[in-house]
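Chemist: Below is one structure. I have some questions about it.
The values are calculated or read from the model by the stated rules, or taken from the named source; none is laboratory data. Predicted model only: the values in this text are computed from it and were never measured. Virtual Cβ from ideal backbone geometry, glycine too; neighbours counted across all protein chains shown. To get the accessible areas, we keep the full protein, side chains included, count just its heavy atoms, and leave off ligands, DNA and RNA. Shrake-Rupley method; radii C 1.70, N 1.55, O 1.52, S 1.80 Å.
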Amino acid sequence: MKKLMSIILFTATATFTFGQSKAVEDFSNKFKNDRDAKVVSLNGGIFELVANIAQFADDDEDAEVIGRLASGIKSMNILSIPMYRAGLELSDIDDLKNKLKSEKYEELMTMREGRDRVYFMAKTGGDKINNMLMLINSDDDDFTLINIDGIIEMKDLAYMAKNHDNWH
């Protein structure tokens, strides 16, 4: 029984650590050690700090929303890879998107400007986002994967989208 519990705990921890997606884990493991890859990992402590700072802003709705968003985020991982130099092809990005869709990620939004493409994908549950991914294929032939793990309220994202012009 202890062995079974240990296996379950290890599996749950590994799944949580890698943003709840086997496709993202496999993709990251394939490219993160490339000599030209840029890797950034931010963990819960930094987001707790932002949430705590936001608490000191009296009667500031923007700070409250930012604090709620920060307190829901457990980690953020960024992987930026030079296309082609690292052996990454457009078909690899399409494969990643297809695997994410099979893992019940939905494509929330796609943006295109020239050759730049940005895909927002998320695993949702009701009015919450449980894991959000941004796949950015830029004109300068870099591909960036941003994985935000945590629970984000849709109402807070809507507030940020509505009020982003007010921030200078």
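Chemist: Looking only at Thr110, Thr124, Thr144, which one moves most when the chain is put into a Gaussian network model with springs between Cα atoms under 10 Å?
Modeler: Judging by the Gaussian network model, the answer is Thr110.
Chemist: Taking Rh as the Kirkwood radius computed over C-alpha pairs, what is the Stokes-Einstein D of the chain at 25 °C in a medium of viscosity 0.890 mPa s, expressed in µm² per second?
Modeler: Values: Rh = 17.5 Å.
The diffusion coefficient I find is 140 µm²/s.
Chemist: With labels modelled as points extended 7 Å from the Cα through the Cβ direction, what inter-label distance (nm, one decimal) is found for Lys30 paired with Ala161?
Modeler: 3.0 nm
Chemist: Let me ask something else about it. Can you show me the helix-derived [θ] at 222 nm for the chain, built from DSSP H runs with n ≥ 4 at -39,500 (n - 2.57) apiece and divided by the number of residues, rounded to the nearest 500. Walk me through the intermediate numbers first.
Modeler: Values: 6 runs with 73 residues, N = 168.
After summing the helix terms and dividing by residue count, I get -13500 deg cm²/dmol.
Chemist: Then there's this: Just the accessible area for Asp95, please: 1.4 Å probe, Å², rounded to the nearest 10?
Modeler: Estimated to the nearest 10 Å², Asp95 gives 80 Å².
Chemist: Still on this structure, I have one more. Between Asn52 and Thr144, what is the label-point separation in nm under the 7 Å Cα-to-beta-carbon projection?
Modeler: It is 2.8 nm.
Chemist: Another question, then. About the Cα centre, and with charges only on the beta carbon of Lys, Arg (+1) and Asp, Glu (-1), how big is the dipole of the chain? Nearest 20 debye, please.
Modeler: Values: 21 positive and 29 negative charges, 212 e Å.
It comes to approximately 1020 debye.
Chemist: Taking every eigenvalue of the Cα gyration tensor of the range 37-98, multiplying by 5 and rooting it, what semi-axes result, largest first, whole Å?
Modeler: Values: eigenvalues 253, 31, 17 Å².
Rounded to whole Å, the semi-axes are 36, 12, 9.
Chemist: Between Glu64 and Ala37, take the C-beta separation as r, use R0 = 30 Å, and let me know the FRET efficiency to the nearest 0.05.
Modeler: Values: r = 36 Å, r/R0 = 1.21.
Taking R0 as 30 Å, the efficiency between Glu64 and Ala37 is 0.25.
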